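A quick write-up on the structure given underneath.
The values are calculated or read from the model by the stated rules, or taken from the named source; none is laboratory data. Here the structure is a predicted model, which is why all the values come from computation and not from measurement. Positions of Cβ are backbone-derived with ideal geometry, glycine not excepted, and every protein chain shown enters the neighbour counts.
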Amino acid sequence: MDVGKAIMTRRSIRDYQKKSVPDEVLVDILETARWAPSPVNSQPWRFIVIRDRETLAGIMAHAKYGSHLSDAPMALAVIATDVERFHWFNEIEENKYAAAVVADSIMLAAWEKGVGTGWVSVSRDDVRGILRVPDEYTVVAVITMGYPVTVEPHQDADRCPVNMMVFSEKFGERFPRIDKQWVEEHHR
Ligand SMILES: Cc1cc2nc3c(=O)[nH]c(=O)nc-3n(C[C@H](O)[C@H](O)[C@H](O)COP(=O)(O)O)c2cc1C
């Protein structure tokens, strides 16, 4: 599967088969995802594999939109640690954004291997306590993982058109090159 196809076909999965994701498959996914970029190549992330049902239910109690956690065969917590030595990156919270970047790589690498994922937003401090994550680190994402029951393809209407998202030079300034009328007027 090429990258574009993986990005465009991935769905958030909330309904999983009972079958668990073998450790070998999980390691394979993480072997791929760990090539994600990070500030000064610090790789400020750690992953916690969660299969224990009580832990999953405990996390669910701190997720407003995560009822599927109780049925998912497993979840992976993505923890932002510190960028060492270059502390300015932590001051501007790049460590957390880097963890979100690797989380996306995990979701795409999983998808390529037929494993579905779903990001679950959680109350970070509560979940940090459950997972015994040190106070100075952040639980950036909890991602359910497993084999999907069904996959509904995206509809075009699922995303805003690009011309609503992109500006030229300053926020709010229309990006002209994808404005057909502008192109016609200026490049006749
Ligand atoms: C930062 C972030 C937080 C999300 N939080 C939740 C969540 O708490 N519960 C949930 O079911 N889905 C959550 N999602 C998944 C979105 O609902 C989903 O990506 C969106 O509806 C688009 O659907 P798709 O991923 O299938 O394309 C989250 C996604 C992101 C990136």
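Quick look at the numbers
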| item | result |
| --- | --- |
| Test result for His154, crowded, with 18+ Cβ neighbours inside 10 Å, over 20 Å from Ile29 (Cβ atoms) and either in contact (Cβ under 8 Å) with a residue 40 or more places away in the chain or of a type in the set (Phe, Trp, Tyr) (or both) | no |
| Positions within the range 14-48 being within 30 Å of Thr150 (Cα to Cα) and small (Gly, Ala, Ser), in sequence order | Ser20, Ala33, Ala36 |
| Matching entry among Glu169, Glu136, Glu185 (being touching a residue at least 24 places away in the same chain (Cβ under 8 Å) and exposed (fewer than 11 other Cβ atoms within 10 Å of the Cβ)) | Glu136 |
| Residue within the range 37-48 that is modelled with pLDDT of 95 or more, in the same structural domain as Gly146 (by TED's automatic domain parsing) and within 16 Å of the ligand (Cβ to nearest atom) present | yes |
| Every residue from the range 3-23 that is modelled with pLDDT under 95 and either within 14 Å of Gly118 (Cα to Cα) or of a type in the set (Asp, Glu) (or both) | none |
| Filter result for Ala100 (within 16 Å of the ligand (Cβ to nearest atom) and crowded, with 21+ Cβ neighbours inside 10 Å) | no |
| All positions within the range 11-31 that are among the charged types (D, E, K, R), away from the ligand (no atom under 16 Å from the Cβ) and either in a strand (DSSP E or B) or within 18 Å of Met107 (Cβ to Cβ) (or both) | Asp28, Glu31 |
